[in-house]
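Chemist: Have a look at the structure that comes next, please.
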Amino acid sequence: MHSRFDSEGKEYSPETLALGLGYDAFLSEGSIKPPLFLTSTFKFKTAAEGKRFFELIYGKDEPKEGEKAGLVYSRLNNPNMEICEERISAWDKTDKAITFSSGMSAISTTMLAFLKPGDHVIATMPVYGGTFFLFKNILPKYGMNFHMVAAGDNAPELIRAKIKEIGADKVKIIYSETPGNPSNVMTDIEEIVKITKELNSDGREEPAIAVIDNTFMGPVFQKPIEQGADLIVYSATKFISGHSDLVAGVVTGKAHFVDQVTLYRTILGTQGSPHNAWLMTRSLETLSIRMHKQQENAIELAKFLNEHPKVKWVSHPSLFAKDSNQYKILQKQCTGVGALITFEVEGGEAGAFKVLDNVDLYGLAVSLGGTESLIEHPMSMTHADVPEEKLEEIGVNAGTIRISVGIENCDDLKKDLVQALKKLN
């Protein structure tokens, strides 16, 4: 399949494109699935061809109509990477996608591609602990400034207030992880994009951009490009790979911004491996099936936990009140509710640890989005990099537990939680 569109110009669905886009079986001896190209370098037919490929890859010349850079070196491009990237882009309905060695390499490379000393990033909180550490402790060493505002209903007005305080000309990136990790709080992507457009209305040389971390919802349940986001970042380790057997990242979005990140990926060497791209290509074929099953299980478990006497509160988008702004944001930008549940049990850390130590079917491990259900303690694990007072501001405390719901039988998952929660008596 060489095109996203059928003979009548109608775009195929992502579920269909994930099975064939970007791959010609007859270039690989008729293999129905893409083979794994474990090579560091590629042979040119002529010296002139090699020269032309480098001109295009390094941006020394613009491609002619229908022309693209050929294969050169697996730090730059590779058939497995290109197939995977084209299919992820189709899922997100973006111009381009590129793969990375991890979600953090995707985020850090993006920051370095657009920021210079004196620039400012405004990020909604919460974010993943590693992202927080990058923003708070590493970027400032290079003169790049970081500011936090609370995610959620009031995020747009808080961002505008922060811009007024900083100076509009200094703000380069507005970054939001929505839903936020681990609170599941939603931030209005369309409103963030409006703010970047306001920043760019004076015709500044280097535009401010909206970067959205879409790891929790994935391209199945949320497509930030439809709200106008410039770039979307993923820890592809999570739902995109979906089998807890690789570490990877993705950046996808508008072509001219992805191209800028691609150049930095080339020089920094933060690209993913052909093997991981091959595995992700396999995983993209079942992405929709997996995520819908995980969501189905999560809805049922969230309802159960919300009614349990030993559980103080539960955060899952399926429980948003119909008259709340959070529900309105969910309806506007999402087609599903995802598979991450956060809740608090009685007894603080001791109570949380008692539950964690007594589950049988849930893996006591960090990460999320795999076929298996995982359970963890955000304050001491995934968000250990974030100061406790910052976590408590968003409702994450010592008794908070996060579950990434898998595809197991839901009755079995529920029974396991029942017996583990009994230990709190």
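Only the coordinates and a few stated rules stand behind these numbers; no lab work does. Keep in mind the model is a prediction, meaning the values are calculated, not measured. Note that each Cβ is placed from the backbone with ideal geometry, even for glycine, and that neighbours are counted across all protein chains shown.
Chemist: Mind computing the radius of gyration and Dmax over the alpha-carbon atoms of the stretch 282-368? Å is fine for both.
Modeler: For the stretch 282-368, the Cα-based Rg and Dmax read 15.0, 43 Å.
Chemist: Here's a follow-up. Can you give the charge dipole size of the stretch 134-284 about its Cα centre, rounded to the nearest 20 debye, using +1 on the beta carbon of Lys and Arg and -1 on the beta carbon of Asp and Glu?
Modeler: Numbers: 15 positive and 17 negative charges, 81 e Å.
The calculation lands at about 380 debye.
Chemist: If neighbour count is taken as other Cβ atoms inside 10 Å, put ARG290, ARG160, ARG402 in order from fewest to most. Intermediate results must be reported in sequence, preceding the final value.
Modeler: Values: ARG290 22, ARG160 17, ARG402 25.
In order of increasing Cβ crowding within 10 Å: ARG160, ARG290, ARG402.
Chemist: Then there's this: Do any of LYS68/LYS254; LYS93/LYS254; LYS136/LYS312; LYS238/LYS293 go past 20 Å between their Cα atoms, and which?
Modeler: LYS136/LYS312
Chemist: Would you please give the FRET efficiency between PHE26 and HIS275, computed as 1/(1 + (r/R0)^6) with r the Cβ-Cβ distance and R0 = 22 Å, to the nearest 0.05? Each step should come with its number before you reach the end.
Modeler: Numbers: r = 23 Å, r/R0 = 1.07.
E(calc), rounded to 0.05, equals 0.40.
Chemist: List, in order, the whole-Hz ³J(HN,Hα) value for each residue of the stretch 390-407 obtained from phi through the Karplus relation with A = 6.51, B = -1.76, C = 1.60 and θ = phi - 60°; use x for Gly and Pro.
Modeler: Values per residue, Gly and Pro as x: 6, 5, 5, 4, 9, x, 8, 9, 5, x, 7, 10, 10, 10, 9, 7, x, 10 Hz.
Chemist: In addition: Search the structure for amide H atoms under 5 Å from the amide H of ASP213, placed 1.01 Å from N in the peptide plane, and list their residues when 5 or more places away or on another chain.
Modeler: Those lying under 5 Å, H to H, from ASP213 are SER176, GLU177, THR178, VAL233.
Chemist: Would you mind checking the stretch 186-217 for residues with the amide N under 18 Å from a putative spin-label position 7 Å along Cα→C-beta of ASN325?
Modeler: 186-196
Chemist: Based on Cα coordinates alone, diagonalise the gyration tensor for the chain, multiply each eigenvalue by 5, take square roots, and list the semi-axes in whole Å, largest first.
Modeler: Listed largest to smallest, the semi-axes of the chain are 37, 27, 19 Å.
Chemist: How large are Rg and Dmax for the stretch 288-422 when only the alpha carbon atoms are used, in Å?
Modeler: Expressed in Å, the Cα Rg and Dmax of the stretch 288-422 come to 14.4, 39.
Chemist: Also: Report, to one decimal in Å, the Kirkwood hydrodynamic radius for the stretch 161-275 based on all distinct Cα pairs.
Modeler: For the stretch 161-275, inverting the mean 1/r across all distinct Cα pairs yields 15.4 Å.
Chemist: If amide hydrogens are placed 1.01 Å from N in the peptide plane, which non-local residues have theirs closer than 5 Å to the one on ASP230?
Modeler: So ASP230 has HN proximity to ALA210.
Chemist: Given the options SER101, SER324, SER176, state which has the largest fluctuation in a GNM of the chain using a 10 Å cut-off (strictly under) for Cα springs.
Modeler: For the chain, modelled as a Gaussian network with Cα springs under 10 Å, the answer is SER324.
Chemist: Using only Cα atoms, what Kirkwood radius does the stretch 74-284 have, in angstroms?
Modeler: 16.9
Chemist: Output wanted: per-residue J couplings in Hz (rounded whole) for the stretch 138-145, from phi through Karplus 6.51 cos²θ - 1.76 cosθ + 1.60, θ = phi - 60°, x for Gly and Pro.
Modeler: 9, 4, x, 5, 10, x, 9, 9
Chemist: Could you state the angle between the C-alpha long axis of helix 155-166 and the longest principal axis of the C-alpha atoms of the chain, as a value from 0 to 90 degrees rounded to the nearest 10?
Modeler: Long axis of 155-166 versus the principal axis of the chain: about 70 degrees.
Chemist: Could you give the angle, 0 to 90 degrees to the nearest 10, between helix 348-358's Cα long axis and the longest principal axis of the Cα atoms of the chain?
Modeler: Once rounded, the angle reads 70 degrees.
Chemist: For labels at ALA255 and GLU15 in the simple 7 Å Cα→Cβ model, what's the distance in nm?
Modeler: 3.0
Chemist: Defining a contact as two alpha carbons under 8 Å apart and six or more residues distant in sequence, what relative contact order in percent does the chain show?
Modeler: It rounds to 16 percent for the chain.
Chemist: Using +1 at the C-beta of Lys and Arg and -1 at the C-beta of Asp and Glu, which of ALA398, PHE353, GLN294 has the Cα lying farthest in the positive direction of the dipole of the stretch 288-422?
Modeler: GLN294
Chemist: May I ask you to sort CYS84, CYS334 by Cβ crowding, counting other Cβ atoms within 10 Å and putting the fewest first?
Modeler: So the ranking, lowest neighbour count to highest, is CYS334, CYS84.
Chemist: Return one number: the angle in degrees, 0 to 90 and rounded to the nearest 10, between the long axis of the Cα atoms of helix 79-92 and the longest principal axis of the Cα atoms of the chain.
Modeler: The helix 79-92 is inclined about 60 degrees to the chain.
Chemist: Send over the semi-axes of the stretch 163-214's equivalent ellipsoid, whole angstrom and largest first, taken as the square roots of 5 times the C-alpha gyration tensor eigenvalues. Mind dumping the intermediate values first?
Modeler: Values: eigenvalues 108, 22, 16 Å².
So the three semi-axes of the stretch 163-214 are 23, 11, 9 Å.
Chemist: Picking from ALA155, PRO179, GLY70, whose Cα lies most toward the positive end of the charge dipole for the chain (charges on Cβ: Lys, Arg +1; Asp, Glu -1)?
Modeler: Checked the options; the winner is GLY70.
Chemist: Mind checking which of ALA248, SER28, ALA365 is farthest towards the positive end of the chain's charge dipole, using Cβ charges of +1 (Lys, Arg) and -1 (Asp, Glu) about the Cα centre?
Modeler: The listed residue farthest towards the positive side: SER28.
Chemist: Along the Cα-to-C-beta direction of LYS423, a point sits 7 Å from the Cα; which residues of the stretch 304-347 have their amide N less than 20 Å from that point?
Modeler: Inside the label zone: 305-306, 308-313, 341-347.
Chemist: Residue by residue through the stretch 372-388, which ³J(HN,Hα) values in whole Hz follow from phi under the Karplus form 6.51 cos²θ - 1.76 cosθ + 1.60 (θ = phi - 60°), with glycine and proline marked x?
Modeler: So the J values, rounded to whole Hz, are 8, 7, 10, 9, 7, 10, x, 4, 9, 10, 4, 10, 5, 6, 8, x, 4.
Chemist: Taking the Cα centre of the chain as origin, sum charge times position over the Cβ atoms of Lys and Arg (+1) and Asp and Glu (-1), and report the length of that vector in debye to the nearest 20.
Modeler: Magnitude of the dipole: close to 500 debye.
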